[in-house]
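What follows is calculated from the coordinates using simple rules that are stated; it is not laboratory data. Just so you know, these numbers come straight off a predicted model, no measurement behind them. Glycine gets a Cβ as well: all are built from the backbone with ideal geometry, and neighbour counts include every protein chain shown.
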Amino acid sequence: MLLLAVTSWQVAADGPLLGLDRWVRQGVAQLRAAGGTALDRPAHLLADLGGTVPAIPLLLGLGVLAAWRARGRGAARWWLPVPAAALAALLIPLLVVPAKAWFARPGPLGEPMLPHEWGWYPSGHTTTACVSYGVAALLVGRTLAPARRRWLYPATALLGSAVGWGLIWCDYHWFLDVLAGWCLAGLLLLGYTALLDRLQPEDRQQPDDRLQHEDRQRPGVRRPPEHRQRPGTS
């Protein structure tokens, strides 16, 4: 929150922190001049991942998948991922577009904004990518085993970072535009995590507890000896 506030203040006031933008842009230009043009194609592909397509359809589709998996596990409010994904898709333009219009910051190329353009700060592609893929990972991750979440969440964070890097490399955005998108998405994801924990608490049952519960629901089914409680273990 503080980082986003400071960045926004510097952009609005044309403060000295904008020198960081020029320094990063110059450094990227030097890397490309030194033979880094081989990264142009991957950078463009990563930047495109921040577009409304494919980010929003993927978010909505994975929301449906998460609801289907939650229903199969017998979770309470199994349908929650569907409206949660739809709400995230709606919040992105509601948060980004007014901010772009208010700051009206020109892009790195210095071209004047056209009447239909809103400005470059904060980066809409960065916010769209991080929120869409981040919320999708949160919704699906809650239906996965903890071991799988341990690689899903960092991989999603790496993807969001890579989209921002692609936008900077392609000279589509200033560094601070991307940084603000990361901060805005991070705040939204923190709020989503707290909301999901409140509305749909995760199943904390241990495997043996779940097996005992299932056996009680099925009369006549006997557990194997290794699942019976041994004396002295209670």
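Against the longest alpha carbon principal axis of the chain, how many degrees, from 0 to 90 and to the nearest 10, is the axis of helix 124-141 turned?
Helix 124-141 sits at roughly 10 degrees to that axis.
Could you line up H44, H125, H116, H173 from fewest to most neighbouring Cβ atoms inside 10 Å? Mind showing how you got there, number by number?
Numbers: H44 14, H125 26, H116 5, H173 30.
Listing H44, H125, H116, H173 from fewest to most nearby Cβ atoms yields H116, H44, H125, H173.
For segment 88-129, compute Rg over Rh where Rg is the Cα radius of gyration and Rh is the Kirkwood radius from the inverse mean 1/r over Cα pairs.
That ratio equals 0.99.
What is the fewest-to-most order of F103, F175 by other Cβ atoms lying within 10 Å of their Cβ?
Ranked by crowding around the Cβ, least crowded first: F103, F175.
For the chain, take the longest principal axis of its alpha carbons; what is the angle in degrees between that and the long axis of helix 207-216, to the nearest 10 within 0 to 90?
50
Per the helix-only calculation at 222 nm, which mean residue ellipticity applies to the chain, given -39500 (n - 2.57) for every DSSP H run of n ≥ 4 and division by its residues, nearest 500 deg cm²/dmol?
-23000 deg cm²/dmol
How large is ³J(HN,Hα) for each residue in segment 51-61, as worked out from phi by the Karplus curve 6.51 cos²θ - 1.76 cosθ + 1.60 (θ = phi - 60°), to whole Hz, x for Gly and Pro?
x, 4, 10, x, 4, 5, x, 5, 4, 5, x
Taking the Cα atoms of segment 1-130 alone, what are Rg (to one decimal) and Dmax (as a whole number) in Å?
19.0, 57
Over all pairs of distinct alpha carbons, what does the Kirkwood formula give as the hydrodynamic radius of the chain, in Å?
Its Kirkwood hydrodynamic radius stands at 20.2 Å.
With point charges of +1 on the Cβ of Lys and Arg and -1 on the Cβ of Asp and Glu, referenced to the Cα centre of the chain, which listed residue (L138, Q200, G61) lies farthest in the positive direction of the dipole?
Q200
Against the empirical 2.2 N^0.38 Å scaling, what ratio does the C-alpha Rg of segment 65-150 come to?
It is 1.48.
Tell me, in nm to one decimal, what length is gained between R71 and L91 on full extension, where the rule is 0.36 nm per residue of separation less the Cα-Cα distance?
On the way: separation 20, 0.36 × 20 = 7.20 nm, distance 2.57 nm.
The span from R71 to L91 would gain 4.6 nm if fully extended.
Please find the FRET efficiency linking A155 to W102, where r is the Cβ-Cβ separation and R0 is fixed at 35 Å, and quote it to the nearest 0.05.
Using R0 = 35 Å, I get an efficiency of 0.55.
Taking the 0 to 90 degree range and rounding to the nearest ten, how far is the long axis of helix 2-13 tilted relative to the main principal axis of the chain, both from C-alpha atoms?
Result, in degrees: 20.
If amide H atoms are built 1.01 Å from N in the plane of the peptide, which residues on other chains or at least 5 residues away come under 5 Å of the amide H of S123?
For S123, whose amide H was placed from the backbone, the distant partners under 5 Å are V178, A180, G181.
Would you mind ranking L59, L18, L158, L2 so that the residue whose beta carbon has the fewest other beta carbons within 10 Å leads the list?
By the 10 Å Cβ count, ascending, the order reads L2, L158, L18, L59.
What FRET efficiency would be calculated for the residue pair W9, W79, taking the C-beta separation as r and a Förster radius of 41 Å, to the nearest 0.05?
Values: r = 41 Å, r/R0 = 1.01.
Here the calculated transfer efficiency is 0.50.
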